[in-house]
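These notes are about the structure you will find just below.
The values are calculated or read from the model by the stated rules, or taken from the named source; none is laboratory data. Bear in mind the structure is a predicted one, so any value in this text is a computation, not a measurement. Cβ placement follows ideal geometry from the backbone for every residue including glycine, while neighbour counts extend to all protein chains displayed.
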Amino acid sequence: MKNDILREIYMVLETRRDKPIDSYTSNLMKDDNKTGEDKILEKIGEEAAELIIASKNDEHVLEEAVDLLFHTFLLLVYKGIKFDEILDEFSKRRKPH
Ligand SMILES: N=c1c2ncn([C@@H]3O[C@H](COP(=O)(O)OP(=O)(O)OP(=O)(O)O)[C@@H](O)[C@H]3O)c2ncn1[C@@H]1O[C@H](COP(=O)(O)O)[C@@H](O)[C@H]1O
């Protein structure tokens with residue numbers, strides 16, 4: 001199902017964390033000369049800036065927003081937060097009008 005893609009990607013990222021391979025996300029999460037956290041946070045800053053520019057230019061907004069969401073997911077995976085915790089947090093905030 002299309003709406004399972006986020007859970008699927010999240011599970012892939014958890015595997016990249018727990019069984020690292022030579023890939024973009026494993027390498028980003030790896031603590032080497034910088035902690036994985038710092039490397040991910042740098043990317044989140046970069047992607048946030050790219051989204052701001054994209055929005056002001058009215059181009060590539062979707063792509064840059066997904067880059068930011070993706071790297072935010074990567075931070076949550078690095079921190080050990082489970083996908084269902086994200087869904088539960090959004091559910092808590094639902095205010096049916
Ligand atoms: N959804 C994504 C995804 N979105 C963006 N990215 C990467 O995030 C980076 C985005 O940063 P930028 O846009 O800044 O592009 P850049 O290549 O860093 O270049 P610069 O702009 O920094 O110069 C790129 O390298 C993209 O490849 C992603 N990398 C991986 N995924 C998913 O995560 C899975 C695991 O990825 P790997 O561990 O790399 O196999 C993949 O199968 C995908 O499903």
For this session: Check off (1) more than 9 Å from the ligand (Cβ to nearest atom); (2) under 20 Å from A65 (Cβ atoms); (3) free of Cβ contacts under 8 Å to residues at least 24 places away in the same chain for I5 and give me the number that stays unchecked.
Result: (1)
Problem set entry | In segment 11-31, residue nearest to the chain's Cα centre (by Cα) [restricted to those that are charged (D, E, K, R) and part of a loop (DSSP other than H, G, I, E, B)] | K30
Exercise. So which pairs qualify, if the first residue must be in segment 62-73 and hydroxyl-bearing (S, T, Y), the second must be more than 8 Å from the ligand (Cβ to nearest atom) and assigned to a helix (DSSP H, G or I), the Cβ gap must be under 8 Å, and the two must be at least 6 apart or on different chains?
Worked result: T72/I44
Exercise. If you check E8 against the conditions, is it charged (D, E, K, R), out of contact with any Asp or Glu (no Cβ under 9 Å at 6 or more places or on another chain) and assigned to a helix (DSSP H, G or I)?
Worked result: yes
Exercise. Picking from D38, D67, which residue would you name as being near the ligand (Cβ under 8 Å from one of its atoms) and of a type in the set (D, E, K, R)?
Worked result: D67
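What are the residues in segment 13-31 that are surrounded by 13 or more Cβ atoms within 10 Å (Cβ to Cβ) and among the β-branched types (V, I, T), if any? Walk me through how you get there before you give the answer.
First, pick out the residues of segment 13-31 that are surrounded by 13 or more Cβ atoms within 10 Å (Cβ to Cβ): 13-17, 20, 25-30.
Listed by number, the residues that qualify are T15, T25.
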For this session: Counting only residues that are surrounded by 15 or more Cβ atoms within 10 Å (Cβ to Cβ) and at pLDDT below 95, give me the helices (runs of 4 or more DSSP H) lying completely in segment 32-94 with at least 1 of them.
Result: none
Exercise. Of all residues in segment 39-80, which are in contact with a helix residue (DSSP H, G or I) (Cβ under 7 Å, 6 or more places away or on another chain) and more than 21 Å from T25 (Cβ to Cβ)?
Worked result: A54, S55, H60, V61
